[in-house]
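A short worksheet on the structure shown next.
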Amino acid sequence: MGEGGSKVVTLYVCTAGKAPARYSLDEHAPLPGLTDARLSAAGFFRRSHAGTGWTDAAALQALDRFSREATLPFRIDRAFADPLAASPHGSGVSFDLGRHLPFRIQQALRTRAVKSGLFYRVQPEALCPDCVHIDCLPRPVLQEGDSGVFVFWLQALLQSLCLYHDVCTGTFQSETRRAVLRFQRVCCQPCTGVADERLWRALGR
């Protein structure tokens, strides 16, 4: 527990080509790399039952820059939903913005998010009518030697299926490959040991 009984959470922040940085954060603390206070640790973990999560430095930088440049009053309503969720929120680099804003302002926010060029995907209104959903990074094909937030997420999902028997490290090593092979055998997929789009879709189901 933190000061005054507040909760302490663990956040791994990944940077390309580097080992993940580990932070122990009081729930009221802002996320590392955010100069704007729109998202605290408590907000990031709001819908998660876990005390450990992950995100990416590039995603936080894009979100921080957009927060400063958007010139619209919005808040970040949902971030790291659940490490075992097959939805994009499980990756730790997807966010919902402005859920409680009037429709007109949401539309303006969505337009600015698209025009900013900071995000990999901004969901259209038809798919996400009650907020502006952004994905900061694309979901990659993963293989042995890779690292990052999507490896953390892959390991957590495979762990929940009792197929991965190690700790979630964010690094795709031999045990992660074996877990991927186990999953591919169960799903009658080609046993490549590579987490491709077909495997991600099966995990989502």
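The values are calculated or read from the model by the stated rules, or taken from the named source; none is laboratory data. Keep in mind it's a predicted model, so treat the numbers as computed, not measured. All Cβ positions, glycine included, derive from the backbone under ideal geometry; neighbour counts span all protein chains shown. SASA here: full protein model, heavy atoms, side chains in, ligands and nucleic acids out. Shrake-Rupley method; radii C 1.70, N 1.55, O 1.52, S 1.80 Å.
Numbers at a glance
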{"item": "Single residue of region 172-191 satisfying the filter (of a type in the set (Val, Ile, Thr) and at pLDDT 95 or above) that is nearest to CYS14 (Cα to Cα)", "result": "THR176"}
{"item": "Scope region 188-199; condition over 16 Å from GLN159 (Cα atoms) and free of Cβ contacts under 8 Å to residues at least 40 places away in the same chain; matching residues", "result": "CYS188, GLN189, PRO190, CYS191, THR192, ARG198"}
{"item": "Residue match in region 58-66 (condition: under 24 Å from ASP26 (Cβ atoms), modelled with pLDDT under 85, crowded, with 19+ Cβ neighbours inside 10 Å and among the small types (Gly, Ala, Ser))", "result": "no"}
{"item": "Among (1) open to solvent by 60 Å² or more (accessible area, probe 1.4 Å); (2) within 18 Å of the chain's Cα centre (by Cα); (3) at pLDDT 90 or above; (4) farther than 28 Å from SER174 by Cα - the single one LEU97 does not satisfy", "result": "(1)"}
{"item": "Among residues of region 14-33, those that are part of a strand (DSSP E or B), in contact (Cβ under 8 Å) with a residue 12 or more places away in the chain and not small (Gly, Ala, Ser), counted", "result": "5"}
{"item": "Which numbered condition PRO129 fails, given (1) more than 13 Å from the chain's Cα centre (by Cα); (2) assigned to a helix (DSSP H, G or I)", "result": "(2)"}
{"item": "Residue match in region 49-57 (condition: assigned to a loop (DSSP other than H, G, I, E, B), under 26 Å from LEU158 (Cα atoms) and open to solvent by 40 Å² or more (accessible area, probe 1.4 Å))", "result": "yes"}
{"item": "Conditions (1) modelled with pLDDT of 95 or more; (2) open to solvent by 30 Å² or more (accessible area, probe 1.4 Å); (3) farther than 20 Å from LEU34 by Cβ; (4) charged (D, E, K, R): number failed by GLU125", "result": "(1)"}
{"item": "Residue check for VAL149: under 26 Å from ASP96 (Cα atoms), open to solvent by less than 80 Å² (accessible area, probe 1.4 Å), β-branched (Val, Ile, Thr) and in contact (Cβ under 8 Å) with a residue 60 or more places away in the chain", "result": "yes"}
